[in-house]
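Inspection log for the structure reproduced underneath, given as structure tokens.
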Amino acid sequence: MIRMTGIQKAYPTGSGPVTVLDGVDLTIAPGETIGILGRNGAGKSTLVRIIGGAESPDAGEIKRGMSVSWPLAFGGGFQSSLTGLDNLRFICRVYGVDPEACLPFVYDFTELGVYLKEPVRTYSSGMRARLAFATSMVVDFDCYLVDEIVAVGDSRFQTKCHEELFVKRADRALIIVSHDPGFVRNHCQKAHVLRDGKLHHFDSVDQAFEYYSEYMA
């Protein structure tokens, strides 16, 4: 289980600090699928970084009883001077996974071919996203952080992503952050809305939708 209590986060600006998360509470149970709705700039990415451990809150507490992925399809953690394969090998070693056993899957899934042996700095954003998603799938996590950017590439590649994440890993916890209600409706058991730094909790996805629609109107 993951439990966040009283999470606070603010960022300095030229006009003074801006509070992005203001006393956020959130609990994620094993196997639970939760959607976080919010406008662009509402703080969804900040919340995800804190859940994943990439960023620390200014105040509050987070307890992780499950292993947590990095945000899927996010390639910001790659070393751009290394090749795609070297980045894969490094990440596998960090997480205690045999990189050589993962190579056939990554070659097949990413469809990057010879570009896997090229520096990541030469990749397009879509190529980086494909590599990042495939790398996320070779590490076994209890909880996956999902952004709608997972929908990269053509429809066939999107189908492959859906199969790997939502079918083969249907027993894992998922936290999906989005400003697209349809994406959350299709994949979540429940949803919450991040607004003005507060996370508003609802008993059903429909209730969250209703609130979010009024908020966006």
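So that you can scan it fast, the table gives a plain yes or no per residue for (1) under 23 Å from I2 (Cα atoms); (2) modelled with pLDDT under 90:
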residue	(1), (2)
L145	yes, no
E148	yes, yes
G153	no, yes
Q158	no, yes
H162	no, yes
R172	yes, no
S204	yes, yes
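The residues listed here are R89, R93, R121; of these, the one that is within 30 Å of I28 (Cβ to Cβ), out of contact with any strand residue (DSSP E or B) (no Cβ under 6 Å at 6 or more places or on another chain) and basic (K, R) is R93. For D25, the conditions (1) under 18 Å from the mean Cα position of the chain (by Cα); (2) surrounded by 13 or more Cβ atoms within 10 Å (Cβ to Cβ); (3) of a type outside the set (G, A, S) all hold with the exception of (1).
Residue pairs whose Cβ atoms lie under 6 Å apart, sitting 6 or more positions apart in sequence or on different chains, and linking a residue in region 53-70 that is closer than 21 Å to S136 by Cβ to a partner that is among the small types (G, A, S), are V68/G52; S69/S136; W70/G52. Elements of the type helices (runs of 4 or more DSSP H) sitting completely within region 115-217 and holding at least 3 residues that are touching a Leu at 6+ places or on another chain (Cβ under 9 Å): these cover 125-138, 181-187, 205-216. Just a yes or no: is a residue in region 170-184 without any contact (Cβ under 8 Å) to a residue 12 or more places away in the chain, assigned by TED's automatic domain parsing to the domain that holds L21 and of a type outside the set (G, A, S)? No, that holds for no residue.
Taking region 29-57 as the range and being in a loop (DSSP other than H, G, I, E, B) and not hydrophobic (A, V, I, L, M, F, W, C) as the test, the residues that pass are P30, G31, E32, G38, R39, N40, G41, G43, G53, E55, S56, P57.
One line per residue, one yes/no per condition, for (1) surrounded by fewer than 17 Cβ atoms within 10 Å (Cβ to Cβ); (2) at pLDDT 90 or above:
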| site | (1), (2) |
| --- | --- |
| L72 | no, no |
| S81 | yes, yes |
| A101 | yes, yes |
| Y107 | yes, yes |
| K117 | yes, yes |
| S124 | yes, no |
| S136 | no, no |
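The values are calculated or read from the model by the stated rules, or taken from the named source; none is laboratory data. Bear in mind that the values here come from a model prediction, so they are computed numbers and not experimental data. We place every Cβ from the backbone using ideal geometry, glycine too, and count neighbours over all the protein chains shown.
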